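The values are calculated or read from the model by the stated rules, or taken from the named source; none is laboratory data. Every value quoted in this text rests on a predicted model; they were computed, and no experiment measured them. For neighbour counting, all protein chains shown are included, and Cβ atoms are generated from backbone atoms with ideal geometry for every residue, glycine included.
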Amino acid sequence: MNNLSSPTQPTTATCPACGLLCDDVTPNAAAAVSVKNGCSKAIQFFEQSFNANIDASPSLAGKPCNLDTAIKAAASLLDKSKSALFAGLGTEVQGMRSLMRLAEKTHATLDHMHSNSTVRNTLTMQNGGWLTTTLAEVKNRADVILAIGTDIATSHPRFFEKAVWNTESLFNKPTPEVIYLGVPAEKTKAGTAPNGTTPTVIDADTGNLPEIINALNALMNNKKIKTDSAGGVSVATLTALLDKLKAAKYAVIVWSAGSFKFSHAELTIQSITQLINLLNENIRAAGLPLNSGDGDSSVNSTSTWLSGYPTRSRYVDGKPEYDTYHFSTSKLANSCDALLWVSTFNPHSPPATTAPTIVIGHPATKFERQPDVFIPVGIPGVDHTGQMFRMDSSITLPLEKLRDSKLPKLNDVINKIEAALSNIDKASAD
Amino acid sequence: MITLLKNGKLYDPAHGKDGVVEDIYIHQGRIVPKPLDNAKISQTYDLAGKVVMAGAIDMHSHIGGGKVNIARMMLPEYQQQYQQRQAQELKNASDPEAHICTPHCSHHATPSATDTGFRYIEMGYTAAFEPAISPINARQAHLEMGDTPMIDKGGYAMLGNDDYFLRMLAEQKNKGLDQKAINDYVAWVLHATQAIGIKVVNPGGINAFKFNQRRLNLDENNVHYQVSPREILQSLSKAVHDLGIAKPLHVHCNNLGAAGNFETTLNTMSASDGLPMHLTHIQFHSYGTEGDKKFSSAAAQIAEALNKNKHITADVGQILFNQTVTASGDAMMQHLNAKHANPKKSVIMDVECDAGCGVLPFKYRDQNYVNALQWAIGLEIFLSVEDPWRIFLTTDHPNGAPFTSYPHLIRLLMDKSFRNEAFAKLNLDAQAMSNLTTLEREYSLYEIAIMTRAGASKLIGLNDRGHLGVGASADITVYTDQADREAMFSKPDYVFKNGELVVRNGQVVKVVWGATHTAKPAFDLSVEKELKDYFDKYQTMQMDNFKISDDEISDDGRGSVIVHKQ
């Protein structure tokens, strides 16, 4: 018995093009692809998806073959491997579930293509924790939004439309003040309110953010700063910024670990989280870490409940191990003895490697060197259903199937590879 | 194919059987009457002298969903330490003396979904219920539970801090109560989240924290909505009662962990005007302010009130000494308690105008006054509450201790000298503040079977689980009767899940996948009109995507949804 109404024909779809997972878009696969409610990233994503060849054939070293042959070849390569690397991992929950099982059976190491960014946040969280919020809280509560080192809109185009410029909110709050710190002025247009109010822009080099955030923390702790400026920003400006945050009812500090391209960025993120903790002694404030996409939030969440660890992990004799330093794609690309590259949302190419390479991914993937095995698979949210985690990690949304496609699902392909392995550990859990 | 379990000693409180020697016949996953003499018995297990109980049911254990996964992600060192201990087959040298462990007592506070299922079934548990599903996070909770093998599962959806409900209650306070509208919303949430019960955590407090309130007492108003926790409890307990679902409103009281909170707890018992309510992890809500340290046991007052108030049930949330992690929806109180985190880190979240979350690692130490007294308070409650049908065995996994500590806890309840020996090793000031050694009671096997089987099943409304009667699902655990109850309950001889042998000598021999238990009371579908408008205006997802279909749970070919008719 289920009394809930169920829409027979979904009129809207969930867009996996960025971490916002907007679920109010209506893609139209006509000759000129259009997407109702779609942003630039959505249009680019659905154009690329609808133009992809749904008849694409698997291939061995560039020579077309049937799916069964490709699956056997992939299984054979993994059978021979002792230290395979499963990288890319551009997939959703169901795809990751199957990849985890295959990794357990083949003793493979798992790393997502955006781990460089994710790890900066994860290390911060593991070291000191944090206080964070989610999109609907921002939409209804935020009165000051501080974006540090990220313009937000480039990576998450509808953020301002959905969570900042909303005219209706539960508590009749004012339109939030938007402040950019360490973001080039030309990238701050999205922060201009519909009524023309321009954002506050505090100009600074991204590379100076560690110094600037530390100075903010020092000021927050009522420490005197003996110079006039920190990281090129005047202390007066920083003090004024703090005063705005301290006067907020619900301040939200947004950062994108992917934008922090300086060494030991996790320390700067930790410094941001400390600032948030201090603000919460008197007002409410929260962080909002942005993700990088290609299913990174989904893959890390799934990995964590299945093995106890996020990615940059591996199985050794059925036991998971975790090492954010040693298990990176860049460290292992040349020392692994087989590379399985997965990228289903976008046609990202695998990294250069001398190891035998299996690519399971977007039909439009281009190669400098043809991989030993290429299996084009369906695009989640276009060719088949799935489940994905939003950038704020608490919300999981279903992906829709938008067209009939001959492209197989990643998890079906992976399950078939698993079944074709000759050295299956019969005693293992699944 | 009929399986015969022969000559076992049955402890089946649902049928008043206290050690009765009887045969059990299993056919197609169910317990069946004795077949005709000429029926073919395909397999017989001779259980002479063995203790036979239904599979145990954990009615409150954080096994899936956002905060559990945050705990895993935040604490990779727990699993690393666990694996090192396993690899060395050594007990952790720093284990407090008061906790004598078996090798099965892993202290792994953040097991993966796979581990969770395996460790439960190895102890003879065949079902566990996630007590804190925030509705907006329900899909994740079900994904995780879907990857939890061996056991049945289910969950309670959290309400009472969501802005939709509080807004409705506040409006009604001005314009007149409309209980039907509340009931329809509560039923809609049960359907949408595939839950079997409703929980409220720190009624109104998590929401108040978002408005910068730092504490909320039972009769204090949420600063924005101007409604009190008492009003929230009245409204939700009435809704649960009117809808006719079995599981009483699951209440995590205000003032979690605060010295002096026992008065809030006592007052909360009266908040439902006599309607059934379940007060969860009551140990954490039974603290007085007596003594030099202004922290004392109020177990006697709480137990007395529980004995008197027959409409109230409770689970204990026993703490046991060691490293664990506390994962709670109570963002308000967890933020306040973050200074006590050990190691010093915490994740606090405001979640989507729906809920909150606070995760902090915690190390309970037997030489710490407060921790030692918490341990004693839990046991005092267990031993002072007279009716085992109204008190349940939990550690609020992982908040008081990992669920793998249950065999140890059972021994503490069943073995007075073992308990008193452990007590004698505690912080001396704490010993001086507890009457534990004056409590002579030792739980019987029959009472343990009530607390962990028959009572839990009755409470949640799992009609065909938790007992050994004809028609019951053949979830059955067989133990060797041993004087060392910890050893006994750590390692059952056999566990049958839906009639299949899945554990032999405490080891999984077959991997199976359990079902998800739900309750879906009828309601007026027109409730969706206003909800859709609310989602469109204020939420950041479509209403239809909030709802979890049966297919999402069963599509992988392993899961299934069971709807319990109430």
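Close Cβ contacts (under 6 Å, 6 or more residues apart or on different chains) running from residues in region A:194-213 that are closer than 17 Å to A:ILE269 by Cα to residues that are hydroxyl-bearing (Ser, Thr, Tyr) and modelled with pLDDT of 95 or more comprise A:LEU209/A:THR268; A:PRO210/A:THR268; A:ILE213/A:THR268; A:ILE213/A:SER271. Determine if region B:301-312 includes at least one residue that is on the phi > 0 side of the Ramachandran plot, assigned by TED's automatic domain parsing to the domain that holds B:VAL351, polar (S, T, N, Q) and not in a strand (DSSP E or B). No, that holds for no residue. Only one residue in A:LEU110, A:LEU123, A:LEU131 is in a strand (DSSP E or B) and surrounded by fewer than 24 Cβ atoms within 10 Å (Cβ to Cβ). Which one? A:LEU131 is the lone residue from the list that is in a strand (DSSP E or B) and surrounded by fewer than 24 Cβ atoms within 10 Å (Cβ to Cβ).
Within region B:134-153, the residues that satisfy the criterion of being facing chain A (nearest Cβ under 7 Å) and closer than 10 Å to A:TRP305 by Cβ are B:GLN140, B:LEU143, B:GLU144, B:ASP147.
Do we find that B:SER346 is over 30 Å from A:THR133 (Cα atoms), at pLDDT 95 or above and among the hydroxyl-bearing types (Ser, Thr, Tyr) in this structure? No.
The rows are residues; the columns are (1) crowded, with 16+ Cβ neighbours inside 10 Å; (2) within 14 Å of chain B (Cβ to nearest Cβ); (3) part of a strand (DSSP E or B).
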| site | (1), (2), (3) |
| --- | --- |
| A:VAL342 | yes, no, yes |
| A:HIS348 | yes, no, no |
| A:ALA364 | no, no, no |
| A:PHE367 | no, no, no |
| A:ASP392 | yes, yes, no |
| A:SER405 | yes, no, no |
| A:ILE414 | yes, yes, no |
| A:GLU418 | yes, no, no |
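The one condition from (1) within 30 Å of B:ALA341 (Cα to Cα); (2) assigned to a helix (DSSP H, G or I) that A:ILE145 does not meet is (2). Restricting A:LEU85, A:LEU102, A:LEU89 to residues that are more than 14 Å from every other protein chain (Cβ to nearest Cβ), part of a helix (DSSP H, G or I) and among the aliphatic types (A, V, I, L, M) narrows the list to A:LEU102.
The residues listed here are A:ALA142, A:ALA75; of these, the one that is under 30 Å from A:ASP243 (Cα atoms), among the aliphatic types (A, V, I, L, M) and either within 10 Å of chain B (Cβ to nearest Cβ) or in contact with a helix residue (DSSP H, G or I) (Cβ under 8 Å, 6 or more places away or on another chain) (or both) is A:ALA142.
Being among the aliphatic types (A, V, I, L, M), assigned by TED's automatic domain parsing to the domain that holds A:LEU279 and surrounded by fewer than 24 Cβ atoms within 10 Å (Cβ to Cβ) is a property that A:VAL138 lacks. Are any residues in region B:381-401 in a loop (DSSP other than H, G, I, E, B) and in contact with an Asp or Glu (Cβ under 8 Å, 6 or more places away or on another chain), and if so, which ones? Within region B:381-401, B:LEU393, B:THR394, B:ASP396, B:HIS397 qualify.
Restricted to region A:379-390, and to residues there that are in contact (Cβ under 8 Å) with a residue 40 or more places away in the chain and not in a strand (DSSP E or B), the residue that is nearest to the chain's Cα centre (by Cα) is A:ARG390.
Residue selection: B:MET332 fails the criterion of being touching a Cys at 6+ places or on another chain (Cβ under 6 Å) and either without any contact (Cβ under 8 Å) to a residue 40 or more places away in the chain or not aromatic (Phe, Trp, Tyr) (or both).
I'd like the residue in region B:532-566 that is farther than 30 Å from A:ASN140 by Cβ and among the small types (Gly, Ala, Ser) and, out of all such residues, is surrounded by the fewest Cβ atoms within 10 Å (Cβ to Cβ). Going through the qualifying residues, I end up with B:GLY557.
For B:ASP152, the conditions (1) in contact with a helix residue (DSSP H, G or I) (Cβ under 9 Å, 6 or more places away or on another chain); (2) surrounded by 24 or more Cβ atoms within 10 Å (Cβ to Cβ) all hold with the exception of (1).
Checked against (1) at the interface with chain A (Cβ under 10 Å from one of its Cβ atoms); (2) over 26 Å from the mean Cα position of the chain (by Cα), B:ASP481 meets all criteria but (1). Whether a residue is among the small types (Gly, Ala, Ser) and either under 21 Å from the mean Cα position of the chain (by Cα) or crowded, with 24+ Cβ neighbours inside 10 Å (or both) was assessed, and B:SER296 does not pass this test. Summed over region B:532-548, the residues that are within 24 Å of B:VAL563 (Cβ to Cβ) and more than 7 Å from chain A (Cβ to nearest Cβ) give a count of 3. Among the residues making up region A:113-139, those that are within 7 Å of chain B (Cβ to nearest Cβ), touching a Gly at 6+ places or on another chain (Cβ under 8 Å) and of a type outside the set (S, T, N, Q) are A:TRP130, A:LEU131. Only strands (runs of 3 or more DSSP E) whose full extent lies in region A:171-270 are considered here, and the ones with at least 1 residues that are within 14 Å of another protein chain (Cβ to nearest Cβ) are A:250-256.
Kindly check whether there is at least one residue in region A:302-325 that is more than 10 Å from chain B (Cβ to nearest Cβ), outside any loop (DSSP other than H, G, I, E, B) and under 26 Å from A:GLY386 (Cα atoms). Within region A:302-325 (the criterion being more than 10 Å from chain B (Cβ to nearest Cβ), outside any loop (DSSP other than H, G, I, E, B) and under 26 Å from A:GLY386 (Cα atoms)), the answer is yes, since at least one residue qualifies.
Annotation: of all residues in region A:148-170 being over 19 Å from the mean Cα position of the chain (by Cα), part of a loop (DSSP other than H, G, I, E, B) and more than 10 Å from chain B (Cβ to nearest Cβ), the one that is surrounded by the fewest Cβ atoms within 10 Å (Cβ to Cβ) is A:TRP165. So if I check each of B:HIS278, B:HIS311, which one is modelled with pLDDT of 95 or more, away from chain A (no Cβ under 14 Å), buried (at least 22 other Cβ atoms within 10 Å of the Cβ) and farther than 15 Å from B:GLN374 by Cβ? After applying the criteria, what remains is B:HIS278. The listed residues are B:THR518, B:THR452, and the only one of them that is among the hydroxyl-bearing types (Ser, Thr, Tyr) and not assigned by TED's automatic domain parsing to the domain that holds B:TYR120 turns out to be B:THR518. Among the residues of region B:189-221, those that are within 12 Å of chain A (Cβ to nearest Cβ) and in contact with a Leu (Cβ under 7 Å, 6 or more places away or on another chain) comprise B:VAL189, B:HIS191, B:ALA192, B:ASN207, B:ALA208, B:ARG214.
All of B:THR404, B:THR437, B:THR452 fail the test of being at pLDDT below 95 and outside any strand (DSSP E or B), apart from B:THR404. Among the residues of region B:255-273, those that are at pLDDT below 95 and surrounded by fewer than 20 Cβ atoms within 10 Å (Cβ to Cβ) comprise B:SER270, B:ASP273. For region B:333-352, what are the residues that are crowded, with 24+ Cβ neighbours inside 10 Å and away from chain A (no Cβ under 11 Å)? Residue satisfying the conditions is B:MET333 alone.
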